[in-house]
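Engineer: Below is one structure. I have some questions about it.
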Amino acid sequence: MAKDSEAEIVAEARQILGEQEEVIAAGHFGLANLIIAQIAGGTAGGLAVETVEGSNGFGSALGVGLGGLAAVKASAEAQGVTMKMIVAITPEQIHVLNRDTGGRLDSSVASFRRDAVDIHIANIGLSRILTLTDRPTGHAVELHGSVSWLSAQAKGDKVVLDLLAHDATASD
């Protein structure tokens, strides 16, 4: 079973939530604002390598990749989350969970009652921006997922997005 398969993500969510929890869908998502950190870190990394090594396509590409990764990790942890999180749906709740925290961060990022959350899904190419807003408190989380056939995590994301889209239309 692949690490990013839908079944593996569901199993990981159940391990975090407790084996007694019925997880009906789960996918990998990140905070939507981390896209900006990735662009800024990648740009800085690419420029730094070019300044040190001169104009080398491979070195610059490596600098962009490593700079983007470092910036995303730092930005995520500064916000109390891991780079890649799990959105797990149970019959009553939507859970946003940290992965691989190593004890540095809480496992639970946020939970929303399915009958008390506003759901908005925006399409940006093969990316999806998922906004969950708790009606009673106004607390919101904006997440980024993928439906790309090239992305290993997309199957779980698609199941979560389809289920939440159904919930959104059912509550209208």
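The values are calculated or read from the model by the stated rules, or taken from the named source; none is laboratory data. Quick caveat: nothing in here was measured; it's all calculated off a predicted structure. All Cβ positions, even for glycine, are placed from backbone atoms using ideal geometry, and neighbour counts span all protein chains on display.
Engineer: What are the pairs with Cβ atoms under 9 angstrom where one residue, in segment 133-156, is closer than 16 Å to Lys84 by Cα and the other, located anywhere, is among the β-branched types (Val, Ile, Thr) and part of a loop (DSSP other than H, G, I, E, B)? Sequence gap at least six, or different chains.
Structural biologist: Matching pairs, first to second residue: Ala154/Val147.
Engineer: Among the numbered criteria (1) closer than 21 Å to Glu6 by Cα; (2) free of Cβ contacts under 8 Å to residues at least 24 places away in the same chain, which single criterion is violated by Ile124?
Structural biologist: Unmet for Ile124, out of (1) closer than 21 Å to Glu6 by Cα; (2) free of Cβ contacts under 8 Å to residues at least 24 places away in the same chain: (1).
Engineer: Quick check on my filter: what residues within segment 81-119 are over 22 Å from Glu8 (Cα atoms) and either without any contact (Cβ under 8 Å) to a residue 12 or more places away in the chain or exposed (fewer than 14 other Cβ atoms within 10 Å of the Cβ) (or both)?
Structural biologist: Result: Arg104, Arg113, Asp115, Ala116.
Engineer: Which ones in segment 126-154 are more than 12 Å from the chain's Cα centre (by Cα) and at pLDDT below 85?
Structural biologist: Within segment 126-154, Leu126, Val147, Ser148, Trp149, Leu150, Ser151, Ala152 qualify.
Engineer: Moving on to the next point. Within segment 122-147, take every residue that is surrounded by 14 or more Cβ atoms within 10 Å (Cβ to Cβ) and touching a helix residue (DSSP H, G or I) at 6+ places or on another chain (Cβ under 6 Å) and give me the one that is nearest to Ala88 (Cα to Cα).
Structural biologist: Gly145
Engineer: Condition check: modelled with pLDDT under 90 and either of a type in the set (D, E, K, R) or not in a strand (DSSP E or B) (or both). Does Thr82 satisfy that?
Structural biologist: yes
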